[in-house]
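Reading through the structure tokens given below for one structure.
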Amino acid sequence: MKFLEIAKKNNLPIAQTIQNAYNLIRREYDSALAEISTYEWIGSLPYSPLAGWILTGKYQNGALPEGCRYTLWGKDRMPQNYNERTLAATAEYIKLADSLWITVTQLALAWVNDRSFVNSNIIGTTSVEQLKECISSAEIELSNETRAEIDRIYTKHPNPCTF
């Protein structure tokens, strides 16, 4: 806000977007920056919308698939993403996604895309199949009931993606 104040006062260019980690298990952006994004017309370009692929479900039940980041780098490299709290929350999001006949990846990305202040999200994939799954999330519209269930899960597991 200070930057915006100075820029406006001096007729300087203002920020058009902001990049922060933002996803179903890391929602600090909601507490203040979402309001600034909305009222100051500064769109968000969230990175890590899948929390280092934790929100794909592929690390559930202790799985460490060959060639994946936590297998290659170790689980301790990004403990904010890979911890008991994030895996517990992800398990509930998986159940919700299953009930909607979509993948948890699609649910997570559809939710980020659903936020009014998000201009786009930044994904990273290593295969065409992953890319197709991620892109398909743009076609998913979340119902009010689904949004409420996401909020219920989040209330049960608030910001598990923190140290």
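When you scan region 82-163 for helices (runs of 4 or more DSSP H) that lie fully inside it, which ones turn up with 3 or more residues that are open to solvent by 50 Å² or more (accessible area, probe 1.4 Å)?
Passing ranges, in order: 84-100, 128-136, 144-156.
From ARG152, ARG147, ARG115, grab the single residue that is at negative phi, of a type in the set (D, E, K, R) and in contact with a Pro (Cβ under 9 Å, 6 or more places away or on another chain).
So the residue among ARG152, ARG147, ARG115 that is at negative phi, of a type in the set (D, E, K, R) and in contact with a Pro (Cβ under 9 Å, 6 or more places away or on another chain) is ARG115.
Which of the residues belonging to region 52-79 are modelled with pLDDT under 90 and of a type in the set (A, V, I, L, M, F, W, C)?
TRP53, ALA63, LEU64, CYS68, LEU72, TRP73, MET78
Is at least one residue of region 28-50 touching a strand residue (DSSP E or B) at 6+ places or on another chain (Cβ under 9 Å), among the β-branched types (Val, Ile, Thr), more than 18 Å from GLN16 (Cα to Cα) and open to solvent by less than 30 Å² (accessible area, probe 1.4 Å)?
No, every residue in region 28-50 fails to be touching a strand residue (DSSP E or B) at 6+ places or on another chain (Cβ under 9 Å), among the β-branched types (Val, Ile, Thr), more than 18 Å from GLN16 (Cα to Cα) and open to solvent by less than 30 Å² (accessible area, probe 1.4 Å).
Could you tell me which numbered condition LYS58 fails, if it satisfies all but one of (1) under 23 Å from SER136 (Cα atoms); (2) assigned to a helix (DSSP H, G or I); (3) open to solvent by 30 Å² or more (accessible area, probe 1.4 Å); (4) not polar (S, T, N, Q)?
The failed condition is (2).
Among the listed residues GLU92, GLU35, GLU28, which satisfies the condition of being among the acidic types (Asp, Glu) and touching a helix residue (DSSP H, G or I) at 6+ places or on another chain (Cβ under 8 Å)?
Numbers: GLU35 fails: touching a helix residue (DSSP H, G or I) at 6+ places or on another chain (Cβ under 8 Å); GLU28 fails: touching a helix residue (DSSP H, G or I) at 6+ places or on another chain (Cβ under 8 Å).
Being among the acidic types (Asp, Glu) and touching a helix residue (DSSP H, G or I) at 6+ places or on another chain (Cβ under 8 Å) holds for just one of GLU92, GLU35, GLU28, which is GLU92.
Just one of TYR93, TYR82 is closer than 23 Å to THR125 by Cα, of a type in the set (Phe, Trp, Tyr), modelled with pLDDT of 90 or more and out of contact with any His (no Cβ under 8 Å at 6 or more places or on another chain); which is it?
After applying the criteria, what remains is TYR93.
Is region 24-34 home to any residue that is touching a His at 6+ places or on another chain (Cβ under 8 Å), part of a loop (DSSP other than H, G, I, E, B), under 25 Å from ASN144 (Cα atoms) and of a type outside the set (D, E, K, R)?
Residues of region 24-34 that are touching a His at 6+ places or on another chain (Cβ under 8 Å), as a first pass: 25.
Narrowing further to those that are part of a loop (DSSP other than H, G, I, E, B): 25.
Then keep just the ones that are under 25 Å from ASN144 (Cα atoms); that gives 25.
Among the residues that remain, those that are also of a type outside the set (D, E, K, R) are: 25.
The answer is yes, given that some residue of region 24-34 is touching a His at 6+ places or on another chain (Cβ under 8 Å), part of a loop (DSSP other than H, G, I, E, B), under 25 Å from ASN144 (Cα atoms) and of a type outside the set (D, E, K, R).
The values are calculated or read from the model by the stated rules, or taken from the named source; none is laboratory data. All of these numbers come straight from a predicted model, not from anything done at the bench. Cβ coordinates were reconstructed from backbone atoms using ideal geometry, including for glycine residues, and neighbour counts include every protein chain displayed. These area figures cover heavy atoms from the full protein model, side chains too; ligands, DNA and RNA do not enter into them. Shrake-Rupley method; radii C 1.70, N 1.55, O 1.52, S 1.80 Å.
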